[in-house]
Amino acid sequence: MNSPQTLLSIKHVEINYPSQDGNGWITAVKDLDLSLKQGEIGCLLGSSGCGKSTVLRAICGFEPVNAGEILLRDKVVSSPTIHIPPNQRRVGMVFQDFALFPHLNVLENVAFGLQHYNAPQRLALAAQWLKRVSLTDKANAYPHELSGGQQQRVALARAMAPEPDLILLDEPFSSLDIELRERLSTEMRELLKNNNITALLVTHDQFEAFAIADQVGVMAKGKVSQWDIPYELYHKPNSRYVADFIGRGVFVKGIVQADQKVKIELGELSLDQDHATQVGKEIDVLIRADDIVHDDHSPMQAEVVQKTFRGADFLYTLKLASGTQIFAFVPSHHDHAIGEKIGIHLVADHVVTF
Ligand code: ADP
Ligand code: MG
């Protein structure tokens, strides 16, 4: 089998906006690089204002680029000298607020982008897509009669119906309830995968990113800090910024020992080969909430200073003897009071240091 073709590649892209005072520029996206293969789902993850929506608008063709280039199927669609118009790019977009047409019913919304077909064909195709997103019974309803989750599926069906090469999704779940988000993330991934659709979504929610995407890029100030599979982002962050952004963790001081070990307040850990540094050197070691296990019989004690009930577990904030605070997920039948000292031990198997 041939390996899948690269569908989208973004090379050294920079996008500037005029600054508010009108005298200069602000750089919204800087030296951005990423690529997606046919059928792959990518995600840009970053806090508000880091440039996520700007990237999607540039891929669609709504925003020109000031440097670098965007290629779709090896063809340059954006560069400082080339700008293929949006309707010639075969890219579908699902906007953050869904942007459904309020005066069209669900079927007509989905049929909207199918201009190349005659009327009966358009409606037949739209009906097929409604079936795929399980909304056949809502064909005649208007957008305001639907729940948020249903509106989102209509928006997705509308974007997919013209069979674009690439679908872009801007914070697709941000206006929905937490419970709905989790279920829809899984459904969305299945829908995209079953139809072999290549997609790039942007979000500020790491759980959403991890639930849907094959490849995730952590974005900060217009740049991608690390573009990787979720497992590697979590376990092998390439920078302090990524380590801080992903997961619950803190950095604690460690001293490098002989035999590739590092000593921290909680015990000794093995260092990776490539992290081997001089003995006696002080380094920062990342300790995540899932690296700490509660054990009533452990001699190592920590004081509960804060706790958050999460259903299956508590997220405890614990204070060590030195005053350093760490996090721990503890099964929720271990309901300890604030101020109480509880036994813990360390179970980190690979160590992240900076
Ligand atoms: P995100 O989607 O990650 O929240 P955006 O791409 O919307 O970020 O914005 C990135 C930066 O560009 C922000 O500083 C924002 O204020 C600025 N920006 C976005 N759109 C415009 C615009 N049309 N004109 C000027 N500045 C803009
Ligand atoms: Mg945005």
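The values are calculated or read from the model by the stated rules, or taken from the named source; none is laboratory data. For clarity, every value in this text was computed on a predicted model and none was experimentally measured. So basically every Cβ, Gly included, is an ideal-geometry build from the backbone, and we count neighbours across all protein chains shown.
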### Summary
Screening R132, R122 for residues that are surrounded by fewer than 22 Cβ atoms within 10 Å (Cβ to Cβ) and more than 23 Å from R181 (Cβ to Cβ) leaves only R122
### Message
Is it the case, given these coordinates, that V106 is over 21 Å from W25 (Cβ atoms), within 25 Å of the chain's Cα centre (by Cα), of a type in the set (A, V, I, L, M) and more than 16 Å from ligand 2 (Cβ to nearest atom)?
### Response
no
## Note on the structure
Going through segment 98-119 in order, the residues found to be over 12 Å from A161 (Cα atoms) and surrounded by 17 or more Cβ atoms within 10 Å (Cβ to Cβ) are F98, L100, N105, V106
### Message
Given (1) away from ligand 1 (no atom under 16 Å from the Cβ); (2) more than 16 Å from H144 (Cβ to Cβ), identify the lone condition not met by Q96.
### Response
(1)
### Query
Residue check, L107 against (1) touching a helix residue (DSSP H, G or I) at 6+ places or on another chain (Cβ under 8 Å); (2) aliphatic (A, V, I, L, M); (3) in the same structural domain as E208 (by TED's automatic domain parsing), all met but one. Which one?
(3)
### Task
Taking H103 as the residue in question, decide whether it is more than 16 Å from ligand 1 (Cβ to nearest atom) and either charged (D, E, K, R) or over 23 Å from S175 (Cα atoms) (or both).
no
### Task
Kindly indicate the residue of segment 198-213 that is under 21 Å from C60 (Cα atoms) and not aliphatic (A, V, I, L, M) and also farthest from ligand 1 (Cβ to nearest atom) among those meeting that condition.
T198
### Task
Output the residue which, of all residues in segment 149-182 that are without any contact (Cβ under 8 Å) to a residue 24 or more places away in the chain and more than 29 Å from Q121 (Cα to Cα), is farthest from ligand 2 (Cβ to nearest atom).
E179
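Does segment 164-184 contain at least one residue that is aliphatic (A, V, I, L, M) and more than 30 Å from the chain's Cα centre (by Cα)?
If we filter segment 164-184 for residues that are aliphatic (A, V, I, L, M), which is where we start, we get 166-169, 176, 178, 180, 184.
Narrowing further to those that are more than 30 Å from the chain's Cα centre (by Cα): none.
No, that holds for no residue.
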### Summary
Of those in segment 1-43 that are in contact (Cβ under 8 Å) with a residue 60 or more places away in the chain and in contact with a Phe, Trp or Tyr (Cβ under 9 Å, 6 or more places away or on another chain), the residue nearest to ligand 2 (Cβ to nearest atom) is A28
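Quickly run through segment 141-197 and pick out the residues that are of a type in the set (S, T, Y) and surrounded by fewer than 18 Cβ atoms within 10 Å (Cβ to Cβ).
Keep residues of segment 141-197 that are of a type in the set (S, T, Y), which gives 142, 147, 174-175, 185-186.
The answer is Y142, S147, S174, S175, T186.
Test V76 against the criterion of being in contact with a Leu (Cβ under 7 Å, 6 or more places away or on another chain) and surrounded by 14 or more Cβ atoms within 10 Å (Cβ to Cβ), and give yes or no. Outline the logic, then answer.
On the way: in contact with a Leu (Cβ under 7 Å, 6 or more places away or on another chain): no; surrounded by 14 or more Cβ atoms within 10 Å (Cβ to Cβ): yes.
When the stated conditions are applied, V76 does not pass them.
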### Summary
Going through (1) away from ligand 1 (no atom under 16 Å from the Cβ); (2) assigned by TED's automatic domain parsing to the domain that holds L233 one by one, S134 fails only at (2)
### Task
Report yes if some residue within segment 65-77 is more than 23 Å from V216 (Cβ to Cβ) and within 16 Å of ligand 2 (Cβ to nearest atom); otherwise report no.
no
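Could you say which residue among N16, N23 is more than 11 Å from ligand 1 (Cβ to nearest atom) and over 30 Å from N196 (Cβ atoms)? Steps first, answer last, please.
Values: N16 fails: more than 11 Å from ligand 1 (Cβ to nearest atom).
The conditions single out N23.
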### Message
Of the conditions (1) away from ligand 2 (no atom under 16 Å from the Cβ); (2) loosely packed, with under 15 Cβ neighbours inside 10 Å, F62 satisfies every one except a single condition; which number is it?
### Response
(1)
#### Entry: Conditions (1) of a type in the set (V, I, T); (2) touching a residue at least 24 places away in the same chain (Cβ under 8 Å); (3) touching a strand residue (DSSP E or B) at 6+ places or on another chain (Cβ under 8 Å): number failed by I84
(2)
## Note on the structure
Within segment 44-59, restricting to residues that are surrounded by fewer than 17 Cβ atoms within 10 Å (Cβ to Cβ) and in contact (Cβ under 8 Å) with a residue 40 or more places away in the chain, the one that is nearest to ligand 2 (Cβ to nearest atom) is S48
